[in-house]
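Here's the structure, in structure tokens; my notes come after.
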Amino acid sequence: MSADQTPIVEARNISKYFGGVIALKDVSMELRHGEVMCLLGDNGAGKSTLIKILSGVHPPDEGEYLVEGRTVHFTSPRDALEHGIATVYQDLAMIPLMSITRNFFLGSELTQGWSFLKRFDIRRANCIVHEELRKMGIDIRDPAQPVGTLSGGERQSVAIARAVYFGAKVLILDEPTSALGVKQAGVVLRYIAQARMRGIAVILITHNPHHAYPIGDRFTILKRGRTLGTFTKAELSRSDMIQMMSGGEELEDLERELREFREQASSRSAETPSQEEPGGFGEESG
Amino acid sequence: MSIEVTAGPSSSDERLLRESFLRKLLRRPELGAVSGAVLVWVLFAVLAGDRGFVSLRATANFLEVASELGILAVAVALLMIGGEFDLSIGSIIGGAGMAVTILSVEYQWNLWAAIGMALLFSLAVGAINGLLVVRTKLPSFIITLGSLFIIRGVTIGLTRLITGRTQVGGVKAAAGYDSAASVFTSAIKITDPASKRGLPAEFSISILWWLIIAALATYVLLRTRPGNWIFGIGGDANAARNVGVPVSRMKVILFMVTATSAWLVGTIQVLSAGSADTLRGEQREFYAIIAVVIGGTLLTGGYGSALGAVFGALTVGMVQQGIVYTGIDSDWFMVFLGAMLIVAVLVNNYIRKRAAEVK
Ligand SMILES: Nc1ncnc2c1ncn2[C@@H]1O[C@H](COP(=O)(O)OP(=O)(O)O)[C@@H](O)[C@H]1O
Ligand SMILES: [Mg+2]
């Protein structure tokens with residue numbers, strides 16, 4: 001097998017329990033070189049838990065985790081970073097009160113000098129941040145401004161730029177577009193495409209099929225902690241995807257329930273017309 | 001798109017410069033504290049200028065008070081920016097001072113050895129504080145409130161057990177006193193032209209310690225990796241951990257730093273007084289927090305400055321000594337202090353909000 005065909009990241013039969021909650025059960029997935037793999041699923045499906053295992057935040061309770069074909073046991077996010085796996089988390093991408101530059105370099109500060117108090121070269125760091133963001137098409141006026149002054153899309157973009165700059169081979173993004181408007185989501189998706197062009201393999205989590213479909217190469221669908229499988233774009237139409245992930249069936253169920261409820265209500269009001277509410281429920285909806 | 005970016009006319013550059021200067025100024029956490037310190041000085045200069053507040057002697061006087069508080073405040077600022085509290089430093093001042101005294105007087109150690117041993121005690125206390133906070137995940141407020149009482153209790157208990165008293169003197173006769181005193185309590189005497197009796201102004205060496213520590217802390221915070229980590233772990237410890245910052249280790253180190261500052265102040269006090277009292281340092285933990293908060297550091301962590309703490313301590317020191325010069329009973333000092341704290345927080349919040357708005 002050539003190196004390129006070995007998945008860069010592979011999960012084999014991974015399970016994770018939080019007390020009585022089965023967050024993941026027997027989940028397998030792989031990420032290949034240079035692809036965008038979308039991890040889809042409804043809220044609570046276990047997407048965040050899976051990528052937290054991949055990025056070293058949680059150890060798996062069962063199953064095996066391989067990076068470039070070798071089994072790994074990460075005990076901290078630092079381990080994952082050392083293997084080139086960078087993650088932009090859903091809940092805590094950036095620290096709002098710190099400057100863009102300080103956020104960008106947090107944990108990987110650019111130092112010079114030799115003593116134990118090496119100097120953090122903040123001037124050069126500012127220049128690098130300005131330049132890296134400009135390359136991605138974001139023109140920030142002052143990299144020393146607090147991250148809190150950036151929009152949600154800009155924050156995500158800074159986080160992605162950071163991962164790319166520090167040489168990530170694998171970029172994991174947890175719902176980067178969920179809090180964004182259409183336009184900003186488009187900007188972020190464009191950066192993801194750029195990252196792929198630079199040869200980075202991407203795991204993109206979203207529960208929005210309209211964000212996943214245009215950019216994804218393959219799609220893994222999670223549902224209630226289990227995987228429904230991985231599909232290529234050819235195997236899965238957009239409507240199939242919508243159907244499978246956010247429980248298209250559930251939507252149908254819901255629709256049916258509502259219809260029944262309406263019918264019940266209208267028949268009940270026909271049998272026993274209410275005196276206090278002459279214009280009842282049934283008439284209005286019927 | 002790139003055309004838009006590069007096509008800015010030169011006039012917009014001037015606007016950029018002007019705006020970013022204002023923004024940079026507003027963004028400094030110590031802005032409020034610096035203006036507050038100036039204001040308080042002017043206030044006392046007006047109220048008590050004719051009674052000697054505006055003189056070298058008075059200045060040396062309030063600088064000495066400010067310096068002992070300032071040494072603590074700078075260390076506490078680092079810890080609070082890192083998102084934690086240390087209520088035990090007052091007790092460590094008492095404990096470290098008593099350790100120096102008992103070891104040198106009762107056990108006849110060389111003073112330097114006694115001071116070194118007290119430092120080890122203090123570092124151990126700081127490390128235990130930090131490890132407990134990190135391991136139990138309890139708020140540091142609770143952990144160090146506990147150690148506040150434990151350390152004070154142990155100090156009183158052991159001192160009475162060993163000496164039968166709660167105050168122990170005789171340090172000035174201990175071996176090594178002269179060299180230790182020159183490092184910790186000497187003073188530079190400058191003739192004060194304002195003094196009618198010809199008394200010189202004595203600038204104590206603790207002021208130098210204070211400035212060195214403040215400069216070091218400022219450098220660490222703004223220009224080193226650990227400094228960036230401190231802001232990170234105070235801003236969001238999980239986010240910091242997720243990008244590879246050694247959060248627990250940094251927190252333990254910060255508690256050891258505050259304990260060390262308390263040791264230094266305890267040592268300075270014992271050497272200048274020549275004796276130790278088991279109650280030394282009481283309430284210093286609160287004064288330090290007040291100085292830090294006046295200095296613009298956020299109680300919830302992640303934002304602040306060591307320089308702000310310097311000016312916070314300076315303000316508190318000026319008020320404490322200034323009141324004496326006005327002739328107002330110094331009992332009223334606490335009222336000033338409490339009111340100043342609340343006003344300072346309101347002003348700092350306002351400035352911070354403005355800083356976020358100016359884009
Ligand atoms: N740290 C945790 N402790 C307890 N339960 C958790 C924890 N993290 C996730 N869970 C549970 O695991 C399940 C999957 O959560 P998550 O992975 O966040 O889903 P998703 O990201 O797909 O919305 C949910 O039921 C959630 O409540
Ligand atoms: Mg999630």
**Request:** Could you please state how large a percent of the accessible area of the protein assembly as shown is carbon and sulfur, counting protein chains only and using a 1.4 Å probe?
**Result:** 59 percent
**Request:** Can you tell me the FRET efficiency between A:E260 and B:N238 if r is taken as the Cβ-Cβ distance and R0 is 41 Å, rounded to the nearest 0.05?
**Result:** 0.35
**Item:** Rounded if a/c under 1.5, otherwise prolate or oblate - chain B, Cα gyration tensor axes
**Value:** oblate
**Item:** Amide H within-cut-off set for B:T224, under 5 Å, with H built and near neighbours excluded
**Value:** A:F120
**Complete:** With only helices counted (DSSP H, runs n ≥ 4, each -39500 (n - 2.57)), the per-residue ellipticity at 222 nm for chain B, to the nearest 500, works out to -24000 deg cm²/dmol
**Message:** Which of rounded, prolate or oblate describes segment B:170-293 when judged by the alpha-carbon gyration tensor and an a/c cut-off of 1.5?
**Reply:** prolate
**Request:** May I ask what percent, to the nearest 5, of DSSP beta bridges between residues of the protein assembly as shown are antiparallel?
**Result:** 65 percent
**Fill in**
chain A: antiparallel bridges as % of DSSP beta bridges, rounded to 5, reads 55 percent
**Asked** What does the accessible area per residue of segment A:21-161 come to in Å², with a 1.4 Å probe and no ligands, DNA or RNA counted?
**Response** 41 Å²
**Request:** Report the one residue of B:A45, B:L199, B:L307 whose Cα lies farthest in the direction of the positive end of the charge dipole of segment B:33-351 (charges on C-beta: Lys and Arg +1, Asp and Glu -1; origin at the Cα centre).
**Result:** B:L307
**Asked** How high is the relative contact order of chain B, given as a whole-number percent (alpha carbon pairs under 8 Å, six or more residues apart)?
**Response** 35 percent
**Request:** Could you pull the Rg and Dmax for chain A, using just the Cα atoms, both in Å?
**Result:** 23.6, 89
**Message:** Please list A:H211, A:H83, A:H73 from largest to smallest accessible area, probe radius 1.4 Å, with all protein chains kept in place.
**Reply:** A:H73, A:H83, A:H211
**Message:** I'd like the FRET efficiency for A:E235 and B:L47, computed as 1/(1 + (r/R0)^6) with the beta carbon distance as r and R0 of 51 Å, rounded to 0.05.
**Reply:** 0.05
**Complete:** If one builds a Gaussian network model of chain B from Cα atoms under 10 Å apart, the most fluctuating residue listed among B:A276, B:A181, B:A339 is B:A339
**Request:** Once you've got the GNM for chain B with C-alpha springs shorter than 10 Å, pick whichever of B:L299, B:L103, B:L161 has the biggest mean-square fluctuation.
**Result:** B:L161
**Message:** Could you tell me the calculated FRET efficiency between A:D217 and B:S182, based on Cβ-Cβ distance and R0 = 51 angstrom, to the nearest 0.05?
**Reply:** 0.10
**Asked** Which ³J(HN,Hα) values, rounded to whole Hz and listed in residue order, are derived for segment B:43-59 from phi using the Karplus coefficients 6.51, -1.76 and 1.60 in 6.51 cos²θ - 1.76 cosθ + 1.60 with θ = phi - 60°, glycine and proline given as x?
**Response** 4, 6, 5, 6, 6, 10, x, 6, 9, x, 5, 8, 8, 4, 4, 5, 5
**Message:** Below 8 Å between Cα atoms, with a sequence gap of 6+, how large is the relative contact order for chain A in percent?
**Reply:** 23 percent
**Prompt:** Which angle from 0 to 90°, rounded to the nearest 10, does the C-alpha axis of helix B:333-357 make with the longest principal axis of chain B?
**Reply:** 20 degrees
**Complete:** Note, segment A:68-84: 3J(HN,Hα) by Karplus (6.51, -1.76, 1.60, θ = phi - 60°), whole Hz, Gly/Pro = x, goes 6, x, 10, 5, 10, 10, 7, 10, 7, x, 4, 4, 5, 4, 5, 8, x
**Asked** What is the Cα coordinate range of segment A:179-234 on the first, second and third principal axes, sorted by size from largest, in whole angstrom?
**Response** 31, 27, 20
**Prompt:** Dipole magnitude of segment A:9-236 about its Cα centre, charges +1 at Lys/Arg Cβ and -1 at Asp/Glu Cβ only, in debye to the nearest 20?
**Reply:** 380 debye
**Request:** Please calculate the 1.4 Å probe accessible area of B:S261, with all protein chains present, and give it to the nearest 10 Å².
**Result:** 10 Å²
**Prompt:** Helix B:306-326: angle to the longest alpha-carbon principal axis of chain B, degrees 0 to 90, nearest 10?
**Reply:** 60 degrees
**Between helix B:89-101 and chain B: long-axis angle, C-alpha atoms, 0 to 90°, nearest 10** = 30 degrees
**Request:** Nearest 100 Å² is fine: how much accessible area is buried between B and A, summed over both sides, with a 1.4 Å probe?
**Result:** 2900 Å²
**Asked** Once you sort the root eigenvalues of the Cα gyration tensor of segment B:248-359 as a ≥ b ≥ c, which label holds: rounded (a/c under 1.5), prolate (a/b larger than b/c) or oblate (the other case)?
**Response** oblate
**Item:** Mean projected area in nm² (Cα convex hull; one quarter of hull surface) for segment B:102-239
**Value:** 13.2 nm²
**Fill in**
Amide H contacts under 5 Å for A:I14, restricted to residues at least 5 apart in sequence or on another chain and with H modeled in the peptide plane, are A:D26, A:V27, A:S28, A:E64
**Fill in**
From the Cα centre of segment B:166-208 to that of segment B:302-336, the distance in Å is 22 Å
**Fill in**
The summed charge of the B:S88 Cβ neighbourhood (under 15 Å; Lys/Arg +1, Asp/Glu -1) stands at 0
**Message:** Nearest 500 deg cm²/dmol is fine: what mean residue ellipticity at 222 nm does chain A get from its DSSP H runs of n ≥ 4 alone, each adding -39,500 (n - 2.57), divided by its residue count?
**Reply:** -11500 deg cm²/dmol
**Request:** Sort out for me the Cα centre separation of segment B:275-292 from segment A:44-69, rounded to whole Å.
**Result:** 49 Å
**Item:** Cross-link pairs A:K47/A:K183; B:K189/B:K251; A:K52/A:K183; B:K24/B:K137 - those with Cα-Cα distance over 30 Å
**Value:** B:K189/B:K251; B:K24/B:K137
**Request:** Using a Gaussian network model of chain B whose springs link C-alpha atoms within less than 10 Å, name the residue from B:G164, B:G153, B:G338 with the highest mean-square fluctuation.
**Result:** B:G164
**Request:** Please go through segment A:59-113 and write out the GluC sites (Glu not before Pro) that DSSP classes as loop and that have at most 16 other C-beta atoms within 10 Å.
**Result:** A:E68
**Request:** Search the structure for amide H atoms under 5 Å from the amide H of B:S305, placed 1.01 Å from N in the peptide plane, and list their residues when 5 or more places away or on another chain.
**Result:** B:T297
**Prompt:** HN-Hα J couplings of segment A:96-105 from phi, Karplus 6.51/-1.76/1.60, θ = phi - 60°, integer Hz, Gly and Pro as x?
**Reply:** x, 7, 8, 5, 4, 4, 5, 5, 4, 9
**Item:** D (Stokes-Einstein, µm²/s), Kirkwood Cα radius, the protein assembly as shown, 1.002 mPa s at 20 °C
**Value:** 75 µm²/s
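The values are calculated or read from the model by the stated rules, or taken from the named source; none is laboratory data. Quick caveat: nothing in here was measured; it's all calculated off a predicted structure. Cβ atoms come from the backbone with ideal geometry, glycine included; neighbour counts cover every protein chain shown. The area values use the complete protein model at the heavy-atom level, side chains included, leaving out ligands, DNA and RNA. Shrake-Rupley method; radii C 1.70, N 1.55, O 1.52, S 1.80 Å.
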